[in-house]
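Here the structure comes first, spelled out in structure tokens, and everything after it is commentary.
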Amino acid sequence: MTLAEAAAEADALAEAGDERALAVLRQQWDEELEHAARSHDYRDRAVAFRAIAQFRFRQKTELLRRGLEDESPACRGSALLAIERLSRDHPSVVNGVRPLLHELAARDGNEAVRRLAVVSLRNGSADRASIQLLEGLGGDDEQPRELREAAAKVAQALRRKAATR
């Protein structure tokens, strides 16, 4: 079984609520995941970053931080997908890497990575700096249309979240 297959199985176990089997699978694949996240091959790293979310490994957010700083857009994207997934129930995941998400959303050279960073910010707390950044991106006609639309939508969601507090 590959790491990707084990991660898919872990995701299915988590969705089914089988915490015991998920814990066993985590234990079996912990070292392999760590090794893959440090691989020289960007494809292995991308699988590892995605697997962190599928295994629901919240204690591996430091590896995700490394993924956000990876030279490969595929790895940065996989780390962002993992952060978005893990932060759905735990905004602290986003809050812990917020400055990196701001940097990626504003300046990354890959448009897909920028959009994923914007979408990830949606699951964090309603931070004023995030809202301002997103509103700026949403109103900047020089930004790609999809990025502007995503930023405006997430800014609006964060403003609503702030209003309900």
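For this structure, a couple of remarks:
- The charge dipole of the chain, taken about the Cα centre with unit charges on the Cβ atoms of Lys, Arg (+1) and Asp, Glu (-1), comes to about 760 debye, rounded to the nearest 20.
- Spacing of the two label points (7 Å from each Cα toward its C-beta) at N110 and R58, in nm: 2.8 nm
- Backbone HN-Hα couplings from phi across region 42-50 [Karplus 6.51/-1.76/1.60, Hz, Gly and Pro as x]: 4, 5, 5, 5, 4, 4, 5, 5, 5
- Peptide ranges 73-82, 124-133, 35-44, 149-158 listed from the most packed, as the mean C-beta count within 10 angstrom indicates: 73-82, 149-158, 124-133, 35-44
- Chain lengthening between A162 and V24 when straightened (0.36 nm per residue, less Cα-Cα): 45.8 nm
- Given R0 = 22 Å, the distance between the Cβ atoms of H35 and E5 translates into a calculated FRET efficiency of 0.85.
- Shown in residue order for region 106-112 are the 3J(HN,Hα) couplings computed by the Karplus curve 6.51 cos²θ - 1.76 cosθ + 1.60 at θ = phi - 60°: 8, 10, 4, x, 10, 4, 5 Hz (x for Gly and Pro).
- From the largest down, region 91-165 spans 33, 22, 15 angstrom on the principal axes of its Cα atoms.
- Column: log10 I(q)/I(0), Debye, Cα scatterers of region 35-143, q = 0.17 Å⁻¹: -0.71
- In the distance distribution for region 1-86, Cα-Cα pairs more than 17 Å apart total 39 percent.
- By average C-beta atoms within 10 angstrom, highest first, the peptides 7-16, 49-58, 108-117: 49-58, 108-117, 7-16
Here, each number is a calculation from the coordinates, and none is a lab measurement. Quantities reported herein were computed from a predicted structural model and do not represent experimental measurements. Counting neighbours? That spans all protein chains shown, and the Cβs are built from the backbone with ideal geometry, glycine included.
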